[in-house]
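To start, the structure under review is shown below, and the notes come after it.
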Amino acid sequence: SQRSVTEEERSEATRAAQKEERKMKALHKRVKLIEERESAIALMKKEWEMCDKQEKKSTTCHIEEEGDSMRLYGTGSLEAVQSTILASITHLYLNYIDFSDVYLHLIPHFKDTLPNIKTLELNCVNLCTLLQLRTLSHSLPPTLTSLTIKHNGNPVTSHPLYSSWSRHLMPHIQLGDNEEDKGTLQEKHLFNPLATLHATAAPCEGMVREEHLQSAKAFSEKLLQQTLIQHRKSEEFEKLWPSLIKTLIQEAIDWTDTTLKNMS
């Protein structure tokens, strides 16, 4: 004859069923979160690609924090690092946030809210010019040891002087997504004349009035004059420097004109 099910066995079966139900609910919840994450990121990517090249803005935001890492998606996510001290975060990843917003809303708070930041990765932040790269290098916290600027969404990485310029600006920081070549020592020597000028020259992004344009031109002319004296016989120098000086002057003019138009 068939043995009857005891009360203890019935209770055990109920507990097993409830445990399985909780596991399924947790799985469904995780799947939903993944779908929401992917949907939010896809929307930000679409908005990013549709925005004007000069200024990228995203109305959507998403934040991920896991262990000592934080990933920020969209301009609105910057609020997470403006007022809260995140001492445990050592790795920060920025995605779909225009550099102008990074400069205004994140960089001033680096030392206070991210005192132990070591790694910074920039993916789609619209870094476009050598001047912006210079401003970024002057603003990085002293604790930072590694910087990665993804080619995706950062046009400056396509500039022929990007690799040399970034190495010169940040010699003590490990640079990721930067093409390796054999000219590092020569480039270091090539950019030496800038070292004494960097200490006193103000970032060109701060030029918001027409009279400052003359300062930008004077800085570039002084740079060219000093460099030509020291490297007149350098064939490599003659190839690279005229392009750099022309770029610096043109970017200063373009940025100032755009800023003045926005202020009017």
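The values are calculated or read from the model by the stated rules, or taken from the named source; none is laboratory data. Values in this document were obtained by computation on a predicted structure and should not be read as measured data. Counting neighbours? That spans all protein chains shown, and the Cβs are built from the backbone with ideal geometry, glycine included. For accessibility, only protein heavy atoms count, side chains too; no ligands or nucleic acids. Shrake-Rupley method; radii C 1.70, N 1.55, O 1.52, S 1.80 Å.
Summary of values
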{"read-out": "Residue in the range 150-158 that is at pLDDT 90 or above, closer than 18 Å to Tyr103 by Cα and open to solvent by 40 Å² or more (accessible area, probe 1.4 Å) present", "value": "yes"}
{"read-out": "Residue match in the range 59-80 (condition: open to solvent by 70 Å² or more (accessible area, probe 1.4 Å), over 18 Å from the mean Cα position of the chain (by Cα) and in contact (Cβ under 8 Å) with a residue 12 or more places away in the chain)", "value": "yes"}
{"read-out": "So Leu104, is it aliphatic (A, V, I, L, M) and open to solvent by less than 60 Å² (accessible area, probe 1.4 Å)", "value": "no"}
{"read-out": "Scan of the range 159-180 for residues that are in a loop (DSSP other than H, G, I, E, B), loosely packed, with under 15 Cβ neighbours inside 10 Å and without any contact (Cβ under 8 Å) to a residue 40 or more places away in the chain, ordered by number", "value": "Pro171, His172, Glu179, Glu180"}
{"read-out": "All positions within the range 36-83 that are closer than 19 Å to Leu144 by Cα and modelled with pLDDT under 85", "value": "Val81, Gln82"}
{"read-out": "Condition met for Asp112 (of a type in the set (D, E, K, R), open to solvent by less than 20 Å² (accessible area, probe 1.4 Å) and out of contact with any Pro (no Cβ under 6 Å at 6 or more places or on another chain))", "value": "no"}
{"read-out": "Members of the range 93-121 found to be in a strand (DSSP E or B) and either over 18 Å from Gln132 (Cβ atoms) or among the charged types (D, E, K, R) (or both), listed by number", "value": "Tyr93, Thr119, Glu121"}
{"read-out": "Residue count for the range 107-122, restricted to those that are under 22 Å from Asn154 (Cα atoms) and at pLDDT below 90", "value": "3"}
{"read-out": "Of all residues in the range 84-93 being more than 18 Å from Ser146 (Cβ to Cβ) and in contact with a helix residue (DSSP H, G or I) (Cβ under 7 Å, 6 or more places away or on another chain), the one that is modelled with the lowest pLDDT", "value": "Thr84"}
{"read-out": "Output for the range 122-141, where each listed residue is part of a loop (DSSP other than H, G, I, E, B) and either closer than 13 Å to Leu78 by Cα or open to solvent by less than 30 Å² (accessible area, probe 1.4 Å) (or both)", "value": "Cys124, Val125, Asn126, Leu127, Leu140, Pro141"}
